Amino acid sequence: MRGWRRSGKTGKIQHLGTQLIVFFMAVSIIVFSLATYLLYTFMLGLIKEQNEKLLYQQFQQIDHNIHNLISDVDRLSKLFLLDNNVQSYIQSNDTRSQLENIDLKKDIYGRIANFISNYSYIHSIYIISDANGALGGDATRTLVHSDRAWTDSFFQSEGYERAKQSFPNLTVEGGMTESYYNPYINGEQDGRLISLIRGVRALYDSQTSATLIFNMDEQYLASTYSASLDMAEGNMYIVNADGQIISGSSPDSVGQQSPYLPPAHETAAFGSYDAVKNGDPIQIVYYKLQDSDWYMMREVPLGLFSQQIFSVQRIMLLVFGLSILVIFGVSYFSLRRMIRPLHLLAHKMRDVSKGDLGVTFTDIPNNEFGTVMRRFNEMSLSIVELLRHNNEIQENKRKLEIEALQYQINPHFLYNTLNMIRWMASMVKADNIVNSVVALGNILRPVFASKDSMCTLRDELNYLENYIKIINFRFNSTIQFEFDVEPDMLNYRIPRFILQPVIENSIKFGREEGEGIEISIEVHEDGQDLWISVIDSGTGFDPQRREQLNARLAAGESYEPTHQSHPDRPEADTGTGVGLYNVNKRIQLYFGQDYGLHVPQVPMGAEVTIRLPKMVESPQQDRLDDYRPAE
């Protein structure tokens, strides 16, 4: 037989209070950790958003400065074109002599030098005439270039085409070098330029005849936005439509292809996204400049934000640690107080398991533990009541056994006596006495043949047939008896001698003087129950007596043989000492309060129903526990 197995480990962690505290602390740590992570993520997003807003304002200011710078160059280029010498140089119908051309170019270069010296953001100025070639220079170098091959290559460049298409407006080109305009510059002297190009014509010409180029040093442009920029805070640069860096806070990156570009599907002029550079996360912020198709780009290391957040996190960790200590202390004492009723319940249950029955709680809280304690009180008291009831049942069984022993008769003596009476009756030819003695012998045979308290339904019906035969000798065959039982039900086991007292009760109190009576037995199954109905055609029960009888049968009252003390119990058979009460009590002692006798209301006669559990014969029949229910 399997039983409960107790674990060999009895550590403190098995105590419910400890488990609850550990669980509560674990949940608190998980929740606080998750909250810290979410707060970190939220703060990082918030700082990134604020950084975007700050950069947006900064980009707007840079865009405004660049726009003003380009506007100034545009104004200066227009002013430069108004010079008479410049107008003369760009005219397509050149009628000057060679000496006049030399003087003209000298005057123009003086004009260029004057502009460069007065405006520091102008690095160099070049005029490329369709007829006269290239002229220009910077503060230290002069270029007079009339090579047709070079001018033809310039007139085929994209910058020239854009300037021609944008006439008379100024176009801005990035990624240019000094050597592009002056082939005599190379090596370390070569620098990066931002070119502002426009197609020009003489005042009285209808078509463009030259190209005017104002160049700015890329470093000057970079200084407008990188002067206050700390390199540790990330790079800032400008890329053109091809993704080439044309200006940047890091000079080494100028002219290279940018690894980060605005998303191709983005149409917004401002935005950001996250990327990785050298294994470190960065934020890329971009802004479209208004005077060109250039984008201002900014690489912001997210580590800068983390440093700001870490200071807040340190405070949070301190608060977190203090909170855990407070929660631990409060939860320890609170949970200990909350589960105290459970500890008391466990102690009480151990007392019950040691045999201390009937223990109860007096101080019951008004919560779920209180409900459990009340159920425990009910269970403890019900165990005491159940033991008392079982003891009472055993005592009643003992009394029944004693009564049975008191009425035991030596079977050999009884059989010999009956046999002698039968032969004496045969000698005087008293056949009715012979038949009566034979029937009586058949009745007594099962009494002495087996000590089993159970018998088959077939044996019980055979016993009733012999009993009716004897009764009919007395009442001149006025008792008609029949039964309706399916053959497969005859093998069901029932308590022995439970039908004869019911039949006897019908004959004695249902039969009118001088009249006959019909008695029938019907048997049917209902689930795991067997129902036996004893029906007679007698006088029946009046309603009040039937209700009283059913109430006493349901209560399991015992039979009391003193008829005078209970004159309202006509079913008591003082001759045999067995009646309806005793049959009902026997059944309930065997099978419980759900089984027994009941007297239903019928239109005519009387009916007594007997409810029994279906049982079949088992190999051993000397104990009631050995019987098993029918399948």
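What the table below lists for this structure:
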quantity: Flag for ASP573 being at pLDDT 90 or above and part of a loop (DSSP other than H, G, I, E, B); calculated: no
quantity: Pairs with Cβ under 6 Å, 6+ apart, first in region 241-260 and in contact (Cβ under 8 Å) with a residue 60 or more places away in the chain and not assigned by TED's automatic domain parsing to the domain that holds TYR273, second assigned to a loop (DSSP other than H, G, I, E, B) and surrounded by 15 or more Cβ atoms within 10 Å (Cβ to Cβ); calculated: none
quantity: Lone qualifier among SER117, SER88, SER97 - being surrounded by fewer than 19 Cβ atoms within 10 Å (Cβ to Cβ), in the same structural domain as PHE167 (by TED's automatic domain parsing), farther than 23 Å from THR171 by Cα and in contact with a helix residue (DSSP H, G or I) (Cβ under 9 Å, 6 or more places away or on another chain); calculated: SER88
quantity: Whichever residue in region 181-215 is of a type in the set (Phe, Trp, Tyr) and buried (at least 19 other Cβ atoms within 10 Å of the Cβ) and, among such residues, is modelled with the lowest pLDDT; calculated: TYR181
quantity: Breaking point among (1) in contact with a helix residue (DSSP H, G or I) (Cβ under 6 Å, 6 or more places away or on another chain); (2) modelled with pLDDT of 80 or more, for THR18; calculated: (2)
quantity: Residue pairs meeting the criteria (Cβ under 9 Å; at least 6 apart or on separate chains; first assigned by TED's automatic domain parsing to the domain that holds ILE519, in region 539-551; second of a type in the set (A, V, I, L, M) and in a helix (DSSP H, G or I)); calculated: PHE541/LEU549; LEU549/LEU580
quantity: Scan of region 32-57 for residues that are under 30 Å from TYR295 (Cβ atoms), free of Cβ contacts under 8 Å to residues at least 60 places away in the same chain and polar (S, T, N, Q), ordered by number; calculated: THR41, GLN50, GLN57
quantity: Answer from ILE47, ILE70 - the residue that is assigned to a helix (DSSP H, G or I), hydrophobic (A, V, I, L, M, F, W, C) and not assigned by TED's automatic domain parsing to the domain that holds ASP205; calculated: ILE47
quantity: Qualifying positions in region 578-618 - hydrophobic (A, V, I, L, M, F, W, C), assigned to a strand (DSSP E or B) and closer than 26 Å to ASP488 by Cβ; calculated: LEU597, VAL608, ILE610, LEU612, MET615, VAL616
quantity: Subset tally (residues that are loosely packed, with under 14 Cβ neighbours inside 10 Å and not in a helix (DSSP H, G or I)) for region 339-359; calculated: 5
quantity: Given (1) modelled with pLDDT under 85; (2) within 17 Å of LEU221 (Cα to Cα), number of the condition LEU46 does not satisfy; calculated: (2)
quantity: Residue satisfying condition, being part of a helix (DSSP H, G or I) and surrounded by fewer than 13 Cβ atoms within 10 Å (Cβ to Cβ), within set ARG336, ARG314; calculated: ARG314
quantity: Entirely in region 77-179, the strands (runs of 3 or more DSSP E) that have 1 or more residues that are polar (S, T, N, Q) and in contact (Cβ under 8 Å) with a residue 24 or more places away in the chain; calculated: 124-129, 142-145, 171-177
quantity: Selection from region 506-527 of residues that are more than 16 Å from LYS469 (Cα to Cα) and out of contact with any strand residue (DSSP E or B) (no Cβ under 6 Å at 6 or more places or on another chain); calculated: PHE509, GLU512, GLU513, GLY514, GLU515, GLU525, ASP526, GLY527
quantity: Residue within region 308-321 that is assigned by TED's automatic domain parsing to the domain that holds GLN60, of a type in the set (Phe, Trp, Tyr) and at pLDDT 75 or above present; calculated: no
quantity: Wholly within region 216-280, strands (runs of 3 or more DSSP E) carrying at least 1 residues that are crowded, with 18+ Cβ neighbours inside 10 Å, β-branched (Val, Ile, Thr) and modelled with pLDDT of 80 or more; calculated: 236-239, 245-248
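Matching residues to (1) surrounded by 12 or more Cβ atoms within 10 Å (Cβ to Cβ); (2) within 60 Å of the chain's Cα centre (by Cα):
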| position | (1), (2) |
| --- | --- |
| TYR56 | yes, yes |
| ASN68 | no, no |
| LEU76 | yes, no |
| LEU79 | no, no |
| LYS106 | yes, no |
| TYR109 | yes, no |
| ALA113 | yes, no |
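The values are calculated or read from the model by the stated rules, or taken from the named source; none is laboratory data. Just so it is clear, the structure is predicted and the values come from calculations on it, not from any experiment. All Cβ positions, even for glycine, are placed from backbone atoms using ideal geometry, and neighbour counts span all protein chains on display.
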